[in-house]
Amino acid sequence: MTGDVEKPLVLIADDESNAVMLLTRVLERDGFAVASARDGEEALDKARSLRPDLILMDVQMPKLNGFEVVRQLREGSETARIPIIFVTAAAREPSDVAHGFKLGADDYIRKPYNYHELLARAHSKMQARRLEERLQRRSEELEALLRIGAEFNQRLGLDELVELVLGTTSQELGADYAELYLFDDKGRIVSFAAWGMPEPPLAEAEQRLYQPGSTAGWVLRSGDPVLVPDTSTHLDAATDLAEMNYGCAVAAPLKHHGKLLGILVLAQAAVNSFSESDLRLLRLIGEQAALAVRNAQLYAELRNYAQNLEEMVEVRTKELRAAQAQLIRSEKLAALGRLAAGIAHEVNNPLQPILNCLEVAIEDVDSGDTVDTEVLRVAEREVQRIKTIVSRLLDFARPGTASDTEEVDLRSLVQEILLLTAKNLEQRHVRVRSNVVVEQPLIGNPAQLKQVLLNLVLNAMEAMPEGGEIAIDVFSTDGGAVIEVTDTGIGMDAETVAQIFDPFYSTKLDGTGLGLAVTYGIIEGHGGRITVDSEPGEGTRFSIWIPYMQP
């Protein structure tokens, strides 16, 4: 930081020795430091080298006149804003005064002058210059903050952001070395980074900053809470420790909503090299850095949460798929139970001819006669009949997954279901009419689609306790196949239709309430849709649409 306030420096450019001597006494008595030049070239050199706070300029001087000196000073970036007052007896015409102002002079005072007026004008011009410089610095600080804030907020990775904060702040304030400490919610150090040389490792930095008996008197080890959570104590300790290796150091807190996130420290080799404006800019940068650090922390937390959420969703999805597969298998077994009586009768029918044929063949063997081959062929046909029934039953009961997709011939699908249910339908006095007018196969899971159609046919059969008719119509529309199962049964009211696909909802005393819920899930899994149209006493129509190409 800067030391004692220096006296304002006034440069007197005048070739008259007496005038210079008198002005020097007046200005020094009023607290100014004074330098002088006896000609225009000397005035130009001293203005450039000394950069005074004010120049009192005579117009008529040897080598270069005052007008030319002012023109050249205003062309230089380092001397363009130095206040200049013409103190002369030569420029009395309005045109001369206008010419001086046009070149960049700040004021005119004519000889002879009143010393009090001269001092008042000198103070006024230097104050105006200080205000202008302050405004200029604030404008530059604002531009720097806008640029730095935009750069900080573009970095979402914390490590990248920390590196950017250190490098940008050091370059902006001309630091030789920078440190950034970050703390967690309990005040424990969680991150340390340095810019410039030397760069101590984290362990050394923690010991250097938090060892007992340090300048600020506060103790902290890595992972331990800060015993003195006062921000000013943190800053003093960080500054004192940085000054152990450098001539001058400043520090700023990174605070977000009153919470200390970290400390930013800058150091320079030269003593008293940081100004008040540097410290003010560092604090403003610290505010921007705190916001960016907090955003980066929140982004990291959100990213971790999203990653964990994806893993949780994946686990839950697997669990749901497994549960759905189990549900489908359970409902398939329930459907097999509903078919059991018909299947048993269907298998039992061929057994009697087989038994009769075998008895005839045994009698022929016992009597020494030739066995009638036609009798054996009858037995063989009946065995094949049983084999076909069992094969279709096993094919239906075979476990399958949603990913087991292949081409499904809808005509064969309908025929297989009718063969499975033929005896049940016959016993219930239910006639079946089928009309399949599609040739293009579906891409789907054949076992699941068989389960859907079987469930609809059995439901239709059970809705006609006195017998009736089931119509199965299959046709193409809207890039997919439509399967309609219509019965002439008792029908359903609007309330029942609204709940018919809800799990565990059933109108049967011994029903599980899962059949149509599973059916709905299978059709939805194939990218299709299922609807129902029913009226009490008018029968029911289930309509399924499945796209030919799976999404």
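The values are calculated or read from the model by the stated rules, or taken from the named source; none is laboratory data. Treat the numbers as computed from the prediction; the structure is a model and nothing was measured. Every residue, glycine as well, gets a Cβ built from its backbone with ideal geometry; the counts of neighbours run over all protein chains shown. Just so you know, the surface numbers come from the protein's heavy atoms only, side chains and all, with ligands and any DNA or RNA stripped out. Shrake-Rupley method; radii C 1.70, N 1.55, O 1.52, S 1.80 Å.
Worth a mention:
- Distance from the Cα centroid of region 122-144 to that of region 36-64 is 23 Å (rounded to whole angstrom).
- Relative packing of peptides 406-415, 256-265 - highest average C-beta neighbours within 10 Å first: 256-265, 406-415
- Sum of side-chain charges, residue 15 neighbourhood, beta-carbon under 12 Å (Lys, Arg +1; Asp, Glu -1): -4
- Pairs beyond 32 Å (Cα-Cα), from 7/259; 125/255; 63/102; 259/318; 7/63; 450/508: 7/259; 125/255; 259/318
- Of the peptides 75-82, 435-442, 308-315, 132-139, the order by per-residue mean of other Cβ atoms within 10 Å, starting with the highest, comes out as 435-442, 75-82, 132-139, 308-315.
- Centre separation in Å (Cα based) which lies between region 288-310 and region 409-480: 56
- Positive minus negative residues near residue 308 (Lys, Arg vs Asp, Glu; Cβ under 15 Å): -2
- Cross-link reach is defined here as a Cα-Cα straight distance under 17 Å, omitting same-chain residues fewer than 8 places apart; for residue 387 the lysines meeting it are 423.
- Rounded to the nearest 10 square angstrom, residue 359 shows an accessible area of 90 square angstrom against a 1.4 Å probe.
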